[in-house]
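Right, one structure below, let's go through it.
The values are calculated or read from the model by the stated rules, or taken from the named source; none is laboratory data. Every value quoted in this text rests on a predicted model; they were computed, and no experiment measured them. We place every Cβ from the backbone using ideal geometry, glycine too, and count neighbours over all the protein chains shown. Heads up: the accessible areas ignore ligands, DNA and RNA and are worked out on the full protein's heavy atoms, side chains in. Shrake-Rupley method; radii C 1.70, N 1.55, O 1.52, S 1.80 Å.
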Amino acid sequence: MAKYTIGWMPGDGVGNEVMAATRTVLDAVGFDAEYVNLDIGWDFWCQEGDALPARTVEGLKACDASLFGAITSKPKAEAEAELAPALQGTGLVYRSPIVRMRQVFDLYTNCRPCRAFPGNKLNFEDGIDLVVFRENTEGMYTGIEWSPVDGEIRKALESHPNFERFKSVPAEKMSFSSRIITWDGASRIVRAAFEYAKEHGYPTVTVVEKPNVLRETSGMFIDAAKEVAKDFPGIELWETNIDAMVMWLVKNPQNYGVIATSNLFGDVISDLCAQLVGGLGFAAAGNVGQDVAVFEPTHGSAPKYYGLDKVNPIACVLAAKMMLDYLGEPEMATKVLDAVAQVISDGEVCTYDMGGDTKCSEMGQAIADTIG
Ligand SMILES: NC(=O)c1ccc[n+]([C@@H]2O[C@H](COP(=O)([O-])OP(=O)(O)OC[C@H]3O[C@@H](n4cnc5c(N)ncnc54)[C@H](O)[C@@H]3O)[C@@H](O)[C@H]2O)c1
């Protein structure tokens with residue numbers, strides 16, 4: 001029997017290609033796993049009306065950890081139009097399966113390390129080492145939205161003094177998304193960030209919010225962060241507004257290390273951080289909860305490249321490296337990281353985004369060969 005059971009979710013488009021390349025690397029490092037294929041993505045939405053079928057939710061519970069490639073998501077009307085005819089008009093609403101997975105399993109930590117590998121010509125600057133802790137289950141991405149805005153929701157909004165200027169807007173001409181921050185939700189993501197900073201020797205944790213405008217939600221996030229920081233006397237808590245932070249990250253990225261923030265801000269800021277160290281081909285994430293953990297490259301299904309064996313699998317390989325760390329296999333994780341670093345610094349094997357013509361599968365093989 002294999003040592004680990006790993007949920008295997010290639011999903012859509014190039015998710016399949018980067019996952020195949022990553023499997024070559026996991027095999028080369030001697031990872032002893034049984035891989036369980038789990039259905040996720042656009043085809044399952046179209047055929048069954050569910051991009052995250054119940055059998056996948058059950059399957060994930062039985063795995064020690066899971067690796068996920070990418071999915072395709074489309075806006076409401078397009079999603080409805082692509083449903084199997086028998087399912088159309090039945091009230092099914094498409095929701096991103098990765099967002100749902102994070103909520104169903106309370107995968108509250110989204111950890112996104114963005115490290116400038118020496119010799120990567122795509123680095124914005126050498127020496128960048130940023131780790132974004134994005135809250136994964138609350139904020140703007142709860143999916144609690146209304147359109148039209150009528151009934152009890154409308155009544156509740158009308159009771160707020162700032163709603164006055166919207167009073168004349170008809171219900172069907174208005175949409176409403178909610179931003180929910182809880183004290184516990186904010187505390188646990190900030191705590192995860194501080195614990196990471198402590199374990200890896202970062203002197204600061206920067207909390208990124210907008211409390212001067214989002215007084216209640218960002219205000220609570222910051223207050224919770226201050227409480228958590230008291231438990232980590234050796235690490236400084238820095239507070240920065242989201243708008244200023246994107247500027248500072250471009251101006252002085254080397255000043256920052258661990259960053260903690262809410263869902264939407266974390267989504268935006270982690271793509272910026274990814275671009276500072278080479279782009280989506282290098283950006284991996286771990287979605288970690290109490291019992292379930294799902295690791296992924298942060299890019300999407302990149303439909304224009306699907307079938308060309310062209311995109312960079314390094315992001316997915318780094319996601320697998322994070323998974324090995326999570327499983328308590330630091331030696332294997334280090335071997336994978338060192339092999340990626342070696343291939344990048346050698347500069348001979350480069351996918352299209354790195355200025356070369358190495359295929360996705362060849363990059364996976366080159367990393368595997370470097371492991372030996
Ligand atoms: N986590 C996810 O699965 C996820 C994330 C983002 C977007 N999406 C979905 O993916 C689909 C396509 O979205 P998109 O085109 O905006 O984003 P995308 O991340 O799929 O691709 C955007 C661009 O980034 C580059 N890119 C992406 N992955 C790369 C890689 N591994 N190597 C090199 N370059 C890479 C390519 O130039 C690509 O055209 C949409 O349906 C979107 O909803 C899914």
Handout entry: All positions within segment 40-54 that are open to solvent by 10 Å² or more (accessible area, probe 1.4 Å) and either within 23 Å of Met1 (Cα to Cα) or touching a Phe, Trp or Tyr at 6+ places or on another chain (Cβ under 8 Å) (or both)
Key = Asp50
Handout entry: Asn123 vs. criteria under 30 Å from Ala339 (Cα atoms), within 16 Å of the ligand (Cβ to nearest atom) and surrounded by fewer than 21 Cβ atoms within 10 Å (Cβ to Cβ)
Key = yes
Exercise for the section: For segment 244-258, name all the residues that are surrounded by fewer than 19 Cβ atoms within 10 Å (Cβ to Cβ) and under 16 Å from Arg134 (Cα atoms). Expected result: Val246
Completion exercise
Scanning segment 53-92 for residues that are among the hydrophobic types (A, V, I, L, M, F, W, C) and under 25 Å from Met322 (Cα atoms) gives Val57, Leu60, Ala62, Cys63, Ala65, Leu67, Phe68, Ala70, Ile71
Handout entry: Flag for Ala70 being open to solvent by less than 60 Å² (accessible area, probe 1.4 Å) and within 11 Å of the ligand (Cβ to nearest atom)
Key = yes
Practice task
Give the residues of segment 81-98 that are assigned to a helix (DSSP H, G or I) and within 11 Å of the ligand (Cβ to nearest atom), sorted by residue number.
Solution key: Pro97, Ile98
Completion exercise
If you go through Thr370, Thr358, Thr351, the only one that is polar (S, T, N, Q), more than 12 Å from the ligand (Cβ to nearest atom) and surrounded by fewer than 24 Cβ atoms within 10 Å (Cβ to Cβ) is Thr370
Practice task
Restrict the check to segment 76-92 and report whether at least one residue is closer than 19 Å to Ala319 by Cα and not hydrophobic (A, V, I, L, M, F, W, C).
Solution key: no
Practice task
State all residues of segment 290-307 that are more than 10 Å from the ligand (Cβ to nearest atom), in contact with a helix residue (DSSP H, G or I) (Cβ under 8 Å, 6 or more places away or on another chain) and either closer than 21 Å to Met363 by Cβ or open to solvent by 10 Å² or more (accessible area, probe 1.4 Å) (or both); if no residue qualifies, say none.
Solution key: Asp291, Val292, Phe295
Exercise for the section: Kindly check whether there is at least one residue in segment 227-241 that is within 22 Å of the chain's Cα centre (by Cα) and surrounded by fewer than 22 Cβ atoms within 10 Å (Cβ to Cβ). Expected result: yes
Handout entry: Count of residues meeting criterion [in contact with a strand residue (DSSP E or B) (Cβ under 8 Å, 6 or more places away or on another chain), part of a helix (DSSP H, G or I) and within 20 Å of Glu138 (Cα to Cα)] in segment 220-253
Key = 5
Practice task
Run down Lys310, Lys335 and say which single residue is among the charged types (D, E, K, R), more than 10 Å from the ligand (Cβ to nearest atom), open to solvent by 30 Å² or more (accessible area, probe 1.4 Å) and in contact (Cβ under 8 Å) with a residue 24 or more places away in the chain.
Solution key: Lys335
Practice task
Kindly establish whether Leu318 is open to solvent by 10 Å² or more (accessible area, probe 1.4 Å), assigned to a helix (DSSP H, G or I) and more than 8 Å from the ligand (Cβ to nearest atom).
Solution key: yes
Problem - Within segment 259-268, tally of residues that are crowded, with 21+ Cβ neighbours inside 10 Å and within 15 Å of the ligand (Cβ to nearest atom) - result: 2
Handout entry: All positions within segment 1-56 that are acidic (Asp, Glu) and assigned to a strand (DSSP E or B)
Key = Glu34
Problem - Boolean, Glu78 is surrounded by fewer than 24 Cβ atoms within 10 Å (Cβ to Cβ), within 12 Å of the ligand (Cβ to nearest atom) and assigned to a helix (DSSP H, G or I) - result: yes
Fill in the blank from the handout: For segment 121-147, the count of residues that are in contact with a Ser or Thr (Cβ under 8 Å, 6 or more places away or on another chain) and in a loop (DSSP other than H, G, I, E, B) equals 6
Handout entry: Residue identified as among the β-branched types (Val, Ile, Thr) and free of Cβ contacts under 8 Å to residues at least 24 places away in the same chain among Val169, Val149, Val131
Key = Val169
Exercise for the section: Under 6 Å between Cβ atoms, at least 6 apart or on separate chains: pull out the pairs that start in segment 3-29 with a residue that is closer than 18 Å to Leu327 by Cα and end on any residue that is within 15 Å of the ligand (Cβ to nearest atom) and part of a helix (DSSP H, G or I). Expected result: Thr22/Cys316; Thr22/Val317; Thr22/Ala320; Val25/Val317; Val25/Gly364; Val25/Ile367; Leu26/Ala320
Problem - Yes/no for Asp325 being in a helix (DSSP H, G or I) and within 11 Å of the ligand (Cβ to nearest atom) - result: no
